[in-house]
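Q: The following block contains the structure, expressed as structure tokens.
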Amino acid sequence: MDFGMKNRLARIIKPEDGKTVMLAIDHGYFMGPTGGLENINRSITPLLGYADSLMLTRGILRSQIDAGIDIPVILRASGGTSILKDDLSDEDITVSMDDAIRLNASAIALSVFVGSKNEKQGIVNLSRLVDKGYKYGIPILAVTAVGREMARDARYLSLAVRIAAETGANIVKTYYCEDFEKVVETCPVPVVVAGGKKTGEREVLELAYNAVKHGAAGVDMGRNIFQSENPIGMIKAVRAVVHGRLAPEDAYNAVYKKESD
Ligand code: R5P
């Protein structure tokens, strides 16, 4: 691996502890104006100082994010299907490498839908991005998107995650599940977990804690942070769990609640 690739990865996954808190705000690429992301300046700008990286689309990056920010960008580079369709798996690469470089991306993200009817398309798209990523020294983050009909269990997720890593992804994002250590143990590259739909703050802190305890390199989390009643408290609490290994209950009481007072 060349210096550029290693250096970009080190900006995302902190070398001090091998952990990361990615703030994901890319949902609009297929969900439109997602709750909490209607006004990026109001809801997201105050959180940027607490995220290790920011995952988003080029449209939001160009129009809403101050170019002076000191935060690595993970650029969403797949899409093509909206939430109005039953099957979301029909995605292609939607950003050229030229534009990713122009935008100073520290990594490029795309979804693969293993087991879907567009499985091959996703895996081939990933392999194409990996080829270009190595050409220019930009890591590729594969998002293992799970269709509604798929079980989010260790058997399926370890298959999807391993296929993404075998195809060349430098980081793989997936979901937390029972026996999560099996997913991580069989994946040769760092695994990060998504937060999923908004749920209780305590549950999410527990999820982040257990994910890291069982080998995850951290989280790539969106709705459970920006849809929280107290997004700053929540991202600080997630950081305390991921980087500080604070127990979830302590992070909830001493960080999340304290910030709400
Ligand atoms: C899909 O919309 C994206 O990959 C999100 O970045 C991902 O699902 C993480 O966000 P959340 O924690 O809201 O699930």
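Q: Pairs please, first residue from the stretch 28-40 and of a type in the set (Ser, Thr, Tyr), second anywhere and within 11 Å of the ligand (Cβ to nearest atom), Cβ atoms under 6 Å, 6+ apart in sequence or on different chains.
A: Within 6 Å, the pairs are Tyr29/Thr57; Tyr29/Arg76; Tyr29/Gly79; Thr34/His27; Thr34/Gly28.
Q: While we're on this one: Just to be sure before I move on: is Ser111 closer than 30 Å to Gly35 by Cα, of a type in the set (Ser, Thr, Tyr) and assigned to a loop (DSSP other than H, G, I, E, B) in the structure I sent?
A: No; evaluated as a whole, the condition is false for this residue.
Q: Here's another thing I want to ask about it. Output the number of residues of the stretch 186-203 satisfying the condition of being out of contact with any strand residue (DSSP E or B) (no Cβ under 7 Å at 6 or more places or on another chain) and either in a helix (DSSP H, G or I) or not basic (Lys, Arg) (or both).
A: Filtering the stretch 186-203 down to residues out of contact with any strand residue (DSSP E or B) (no Cβ under 7 Å at 6 or more places or on another chain) leaves 186, 188, 196-203.
Narrowing further to those that are either in a helix (DSSP H, G or I) or not basic (Lys, Arg) (or both): 186, 188, 196, 199-203.
Result for the stretch 186-203: 8.
Q: Now for a different question. Could you say which residue among Val219, Val241 is in contact with a Leu (Cβ under 8 Å, 6 or more places away or on another chain), closer than 22 Å to Ile44 by Cβ and either hydrophobic (A, V, I, L, M, F, W, C) or not in a helix (DSSP H, G or I) (or both)?
A: None of the other options fit; the residue is Val241.
Q: Something else now. How many residues does the stretch 192-222 hold that are open to solvent by 50 Å² or more (accessible area, probe 1.4 Å) and within 14 Å of the ligand (Cβ to nearest atom)? Lay out the reasoning, then the answer.
A: Initially, the stretch 192-222 is screened for residues open to solvent by 50 Å² or more (accessible area, probe 1.4 Å), giving 197-199, 202-203, 206, 209, 213-214.
Retained after the next criterion (residues that are within 14 Å of the ligand (Cβ to nearest atom)): 197-199, 203.
Count: 4.
Q: Would you say Ile123 is β-branched (Val, Ile, Thr), away from the ligand (no atom under 15 Å from the Cβ), touching a strand residue (DSSP E or B) at 6+ places or on another chain (Cβ under 9 Å) and more than 20 Å from Thr34 (Cβ to Cβ)?
A: Working: β-branched (Val, Ile, Thr): yes; away from the ligand (no atom under 15 Å from the Cβ): yes; touching a strand residue (DSSP E or B) at 6+ places or on another chain (Cβ under 9 Å): yes; more than 20 Å from Thr34 (Cβ to Cβ): yes.
Against the criterion (β-branched (Val, Ile, Thr), away from the ligand (no atom under 15 Å from the Cβ), touching a strand residue (DSSP E or B) at 6+ places or on another chain (Cβ under 9 Å) and more than 20 Å from Thr34 (Cβ to Cβ)), Ile123 qualifies.
Q: Also, I was wondering about something else. Given the conditions (1) out of contact with any Phe, Trp or Tyr (no Cβ under 9 Å at 6 or more places or on another chain); (2) outside any helix (DSSP H, G or I), and given that Met1 satisfies all but one, which numbered condition is not satisfied?
A: (1)
Q: Looking at the stretch 83-117, which of its residues are surrounded by 14 or more Cβ atoms within 10 Å (Cβ to Cβ) and under 23 Å from Tyr156 (Cβ atoms)?
A: Answer for the stretch 83-117, where residues must be surrounded by 14 or more Cβ atoms within 10 Å (Cβ to Cβ) and under 23 Å from Tyr156 (Cβ atoms): Leu88, Ser89, Asp90, Glu91, Ala109, Leu110, Ser111, Val112, Phe113, Val114, Gly115, Ser116.
Q: Separate question: State yes or no: is Tyr176 in contact with a strand residue (DSSP E or B) (Cβ under 9 Å, 6 or more places away or on another chain) and open to solvent by 30 Å² or more (accessible area, probe 1.4 Å)?
A: Values: in contact with a strand residue (DSSP E or B) (Cβ under 9 Å, 6 or more places away or on another chain): yes; open to solvent by 30 Å² or more (accessible area, probe 1.4 Å): yes.
Judged against the criteria, Tyr176 is a match.
Q: Further, regarding this structure: Pull out all pairs, ordered by first then second residue, where Cβ-Cβ is under 6 Å, the residues are six or more apart or on different chains, the first lies in the stretch 157-180 and is hydrophobic (A, V, I, L, M, F, W, C) and more than 16 Å from the ligand (Cβ to nearest atom), and the second is modelled with pLDDT of 95 or more and open to solvent by less than 30 Å² (accessible area, probe 1.4 Å).
A: Once the first residue is hydrophobic (A, V, I, L, M, F, W, C) and more than 16 Å from the ligand (Cβ to nearest atom) and sits in the stretch 157-180, its partners that are modelled with pLDDT of 95 or more and open to solvent by less than 30 Å² (accessible area, probe 1.4 Å) give Ile163/Val114; Ala165/Val172; Ala165/Cys187.
Q: Looking only at the stretch 195-206, decide whether some residue is small (Gly, Ala, Ser) and farther than 30 Å from Arg128 by Cα. Before the answer, list the steps.
A: As a first pass, look at the stretch 195-206 and keep what is small (Gly, Ala, Ser): 195-196, 200.
Pick out the ones that are also farther than 30 Å from Arg128 by Cα and you get 200.
Yes.
The values are calculated or read from the model by the stated rules, or taken from the named source; none is laboratory data. Note that the coordinates shown come from a computational prediction; the quantities given were computed from them, not determined experimentally. All Cβ positions, glycine included, derive from the backbone under ideal geometry; neighbour counts span all protein chains shown. Please note that ligands, DNA and RNA were not included when accessible areas were found on the heavy atoms of the full protein model with its side chains. Shrake-Rupley method; radii C 1.70, N 1.55, O 1.52, S 1.80 Å.
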